[in-house]
Amino acid sequence: MADCRDLEELLAPYVDGEAREVDCAAVDAHLRTCPACRTKVSCERSVREALIARRQSIRANAPADLRRRCAAAHAAATPASGASLPAGAGRRRGRWVPLSMAASVLLAFAGVFFYGLRGGGPALAAQLVADHVSCFEFAPQPTIIPDGRALGREWAATRGWNLKVPENTDTEQLTLLDIRRCISSDAVTAHLLYKWRGQPLSVYVMSRPYPRIGPKPQLVEEAGQEAFMWTKNDRTYAVVARGRPADVEHVARYVQTAAE
Amino acid sequence: MVFSRRSPSSSASRPAGSSDGEYDSAFADEALSYIDGLYGTALRLTRRPQDAEDLVQDTYLKAFRASKQFERGTNLKAWLYTILHNTFRNMIRHDGRNPVDVNSETVEQAVDASGDEHTPETLLTRATLDGDLQAALDALPDAFRQAVWLRDVEEFSYAEIAGIVGVPIGTVMSRISRGRRLLHDGLIRRRSETEAKAG
């Protein structure tokens, strides 16, 4: 006789009418002798019926403006409008690899820990450094070299604010890899991922000023990374990379000129 | 897995009879036809309309940028929902509000610890209000809400859900089952609270 726990994975297919015949028979046999599981099945069945009956009314319709912006995203993302796909760029790896559980747990701890200890610039630097490290370490390397100007246009078309994307430069050995958007409870943040001298470099553009970060740039060392931060016109900018402070500051000055 | 990405060699060639432009346009039209479902799912994930809109928009941006990696004839809807869920996982990493991994085993253990006693009640369909149903859904732990929503509202198969949320199929089945029971209990609780207020 099957144990209640053995049937746990069979109940959904049983209720949905998709269990194999042999599994169905096993569940039926168990239910004849187990009132608790009979109750489970009837609860699950009634919930499924309620959800199916209410399917249309609990589904939301996408707002018209969102529909328009998503259609615009297609126009902005198609090659005709300028996104470049260099010859020979392989596409072996998908770009959306789920973060491993261990990684996200670690990150969550890091963010909470640092934020709780300090305020102002160092707290923001700590969060950005944690994000920078995890974004590069746990995300696959992009295999398509993006066109910064096209991504900037995409951003403007879909976000409603202009994002100046610093161009690739051989002098600084800076190459754009990707642009991502971060959600935080108080700001919209563009995260620009670059390769700098073969190493990861992040540029963050945040939609609001932060306390204790002014127009005069400050350089904060955090967990072996340098964070160069400043504000301009109600936006906060940050460049995060590992390297000699003077070198990071040098490349950050280039970014500052190109991004503002 | 119900879909696959083009390999580098196959992405170089297109089936005869359609130009790049026609293909892109047909791809975009079909992708955009899923926007209501994606938005509703995003709302259940983020619980905030503004975040849901951002999530859907990011999903489309990524999908359009990567449209050449989508294998024609495979399941575009499941592919889009996979991007949506992965994008959501990336988003919550940046957000101090919600540092919990949606697939954490601790969620399952927490539900186990809460016991499994249920009141028999089979007349939910007619008496349940949409608002109650949505509130009870939103009160479920993320992993269970996603599984039940994708199955009973979005009508995905167990294998598709496993691909979308990135967990084994057996886990999907048990989450659906337990998620439905949690939802049932939440609905019964809500109803008795309403009756207590009215009475």
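Rule-based calculations on the coordinates, nothing more; no lab input. Note that the coordinates shown come from a computational prediction; the quantities given were computed from them, not determined experimentally. Neighbour counts run over all protein chains shown; Cβ positions are idealised from the backbone, glycine included.
Observations on the structure shown:
- Maximal additional length on extending the A:Lys216-A:His250 stretch stands at 10.7 nm, based on 0.36 nm per residue less the C-alpha distance.
- Distance histogram for the range B:153-199 (every C-alpha pair counted, 5 angstrom bins, percent rounded to whole numbers): 5, 20, 18, 17, 11, 9, 9, 6, 4, 0
- From phi via Karplus (6.51, -1.76, 1.60), per-residue ³J(HN,Hα) for the range B:75-80 in Hz, x at Gly/Pro: 7, 5, 4, 5, 4, 5
- Ordering B:Asp142, A:Asp6 from the fewest to the most neighbouring beta carbons within 10 Å gives A:Asp6, B:Asp142.
- Sparsely packed loop sites in the range A:1-57 (the trypsin sites (Lys or Arg not before Pro) outside DSSP H, G, I, E and B with at most 13 other Cβ atoms within 10 Å) comprise A:Arg20.
- FRET efficiency for A:Cys4 and B:Lys197, using Cβ-Cβ distance with R0 set to 25 Å, rounded to 0.05: 0.10
- Charge tally in the Cβ shell below 14 Å around A:Thr257, where Lys, Arg are +1 and Asp, Glu are -1, A:Thr257 excluded: -1
- FRET efficiency estimate (nearest 0.05) - Cβ-Cβ, A:Ala25 to B:Ala139, R0 30 angstrom: 0.25
- Filtered chymotrypsin sites (Phe, Trp or Tyr not before Pro), the range A:161-247: DSSP coil and at most 15 other beta carbons within 10 Å: A:Trp161
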